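Everything below concerns the one structure shown next.
The values are calculated or read from the model by the stated rules, or taken from the named source; none is laboratory data. What you see is a predicted model; the values in this text were computed from it and never measured. Counting neighbours? That spans all protein chains shown, and the Cβs are built from the backbone with ideal geometry, glycine included. Calculation scope for accessible area: heavy atoms of the full protein, side chains included, ligands and nucleic acids excluded. Shrake-Rupley method; radii C 1.70, N 1.55, O 1.52, S 1.80 Å.
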Amino acid sequence: MVRETSGQIMRFVVAIKRGLRGQGVEATRAGQVPGVTLVGDANPDRVIVDATDEAVTELRRRFGAFMHVEPMIGHSTL
(Lines give C-alpha, C1' and ligand atoms only; values in the text may rest on other atoms or scores of the structure.)
Protein backbone atom coordinates (compact mmCIF):
# COMPACT_ATOMS: atom_id res chain seq x y z
CA MET A 1 0.00 0.00 0.00
CA VAL A 2 1.26 3.47 -0.87
CA ARG A 3 1.10 5.98 1.93
CA GLU A 4 0.63 9.62 1.00
CA THR A 5 2.57 12.14 3.03
CA SER A 6 1.56 15.79 3.22
CA GLY A 7 3.34 17.87 0.62
CA GLN A 8 5.16 14.92 -0.94
CA ILE A 9 4.81 14.55 -4.70
CA MET A 10 3.83 11.07 -5.85
CA ARG A 11 2.97 9.51 -9.21
CA PHE A 12 -0.63 8.51 -10.01
CA VAL A 13 -2.61 7.00 -12.85
CA VAL A 14 -5.76 8.91 -13.74
CA ALA A 15 -8.17 6.98 -15.95
CA ILE A 16 -11.66 7.56 -17.29
CA LYS A 17 -14.08 4.97 -15.93
CA ARG A 18 -14.72 2.25 -18.50
CA GLY A 19 -18.40 2.99 -19.08
CA LEU A 20 -17.67 6.67 -19.77
CA ARG A 21 -14.86 6.28 -22.30
CA GLY A 22 -15.49 7.82 -25.69
CA GLN A 23 -18.07 10.26 -24.34
CA GLY A 24 -15.98 13.42 -24.65
CA VAL A 25 -14.39 13.39 -21.21
CA GLU A 26 -10.59 13.35 -21.29
CA ALA A 27 -8.25 12.38 -18.47
CA THR A 28 -6.05 15.35 -19.35
CA ARG A 29 -8.54 17.49 -17.40
CA ALA A 30 -6.65 16.29 -14.33
CA GLY A 31 -3.98 18.84 -15.26
CA GLN A 32 -6.43 21.65 -14.40
CA VAL A 33 -6.00 20.98 -10.69
CA PRO A 34 -3.29 23.02 -8.92
CA GLY A 35 -0.52 20.73 -7.68
CA VAL A 36 -0.97 18.24 -10.55
CA THR A 37 1.61 17.90 -13.33
CA LEU A 38 0.86 15.76 -16.38
CA VAL A 39 3.76 13.39 -17.02
CA GLY A 40 2.29 11.85 -20.16
CA ASP A 41 -0.95 12.53 -22.02
CA ALA A 42 -0.84 10.57 -25.28
CA ASN A 43 -3.99 8.62 -24.38
CA PRO A 44 -7.09 10.74 -23.62
CA ASP A 45 -8.53 7.92 -21.46
CA ARG A 46 -5.50 7.54 -19.18
CA VAL A 47 -2.72 9.84 -18.03
CA ILE A 48 0.15 9.65 -15.59
CA VAL A 49 0.46 12.58 -13.20
CA ASP A 50 2.70 13.78 -10.40
CA ALA A 51 0.67 15.25 -7.58
CA THR A 52 0.69 16.18 -3.92
CA ASP A 53 -1.71 14.44 -1.58
CA GLU A 54 -3.79 17.62 -1.38
CA ALA A 55 -4.04 17.72 -5.18
CA VAL A 56 -5.11 14.06 -5.29
CA THR A 57 -7.85 14.79 -2.78
CA GLU A 58 -9.03 17.62 -5.05
CA LEU A 59 -8.83 15.38 -8.15
CA ARG A 60 -11.04 12.81 -6.48
CA ARG A 61 -13.48 15.50 -5.31
CA ARG A 62 -13.80 17.15 -8.74
CA PHE A 63 -13.56 14.14 -11.03
CA GLY A 64 -14.26 11.06 -8.90
CA ALA A 65 -17.64 10.50 -10.54
CA PHE A 66 -15.98 9.71 -13.87
CA MET A 67 -12.26 9.14 -13.21
CA HIS A 68 -10.24 6.65 -11.20
CA VAL A 69 -7.21 8.12 -9.41
CA GLU A 70 -4.81 5.43 -8.20
CA PRO A 71 -1.20 5.43 -7.04
CA MET A 72 1.20 4.19 -9.70
CA ILE A 73 3.08 1.15 -8.53
CA GLY A 74 6.48 0.63 -10.06
CA HIS A 75 8.08 -2.78 -10.34
CA SER A 76 11.67 -3.56 -11.08
CA THR A 77 13.03 -6.88 -12.16
CA LEU A 78 16.41 -8.33 -11.36
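So here's what we get for this one:
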| item | result |
| --- | --- |
| Given (1) 16.7, 53; (2) 12.4, 41; (3) 11.1, 31, the label whose value is Rg and Dmax of the Cα atoms in Å derived from this model | (2) |
| Of 65, 55, 27, the one that fluctuates the most in a GNM where the chain has Cα springs shorter than 10 Å | 65 |
| The chain: angle of helix 53-63 to the longest principal axis, Cα-based, in degrees nearest 10 | 10 |
| Most mobile listed residue (47, 39, 13) in the chain, GNM with C-alpha springs under 10 Å | 39 |
| Residue 42/residue 9 FRET efficiency (R0 22 Å; Cβ-Cβ; nearest 0.05) | 0.55 |
| Gaussian network model of the chain, springs between alpha carbon atoms under 10 Å - residue of 24, 40, 64 with greatest fluctuation | 24 |
| Surface share of carbon and sulfur [accessible, 1.4 angstrom probe, percent] for the chain | 51 |
| Computed lengthening from residue 53 to residue 66, 0.36 nm per intervening residue step minus Cα-Cα distance | 2.7 nm |
